[in-house]
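The values are calculated or read from the model by the stated rules, or taken from the named source; none is laboratory data. Nothing here was measured: the structure is a model prediction, and the numbers come from that model. Methodologically, a virtual Cβ is constructed for each residue, glycine included, from the backbone with ideal geometry; neighbour enumeration extends over all protein chains shown.
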Amino acid sequence: MDDSRRPRRPWARTERGYAVLKVDTVEDDAWMSRPEAARRLGVGLLRVGMLIANRRLIPAENPAGQAGVTAAGVQAEESWRAQATRRAKLARLLKDMINWF
């Protein structure tokens, strides 16, 4: 596709915040970007979105207004994943997928 015909966004994709959700603004040390959370948890961005939608991760914005999640939520998810059995992980994944639809 010709770049001159492609519509441009007035903002950068990584700089936009949560427009629909009312979220808290947290300090930079208590905030984590969604791609960083995905790398830390070893999942894709879509799964991070599902974790946010199913209230497993807490959405937050940093003082600059960038969308992300709380670092405490990511730590809690990491802890759960380290201790959960395969059966518990599968049951939670199925429950989350049902809630997603």
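For the reader, a short list of remarks on this structure follows.
- Test: residue in region 29-45 that is acidic (Asp, Glu), closer than 12 Å to Val69 by Cα, touching a strand residue (DSSP E or B) at 6+ places or on another chain (Cβ under 6 Å) and modelled with pLDDT of 80 or more: no
- Residue match in region 80-98 (condition: of a type in the set (Phe, Trp, Tyr) and at pLDDT 95 or above): yes
- Within region 38-56, residues that are more than 19 Å from Ala82 (Cα to Cα) reach partners that are hydrophobic (A, V, I, L, M, F, W, C) and modelled with pLDDT of 90 or more with beta carbons closer than 6 Å, at six or more positions or on different chains, in the pairs Leu45/Ala38.
- Evaluation of Val26 against the conditions (1) at pLDDT 90 or above; (2) in contact with a Ser or Thr (Cβ under 7 Å, 6 or more places away or on another chain) shows that the sole unmet condition is (1).
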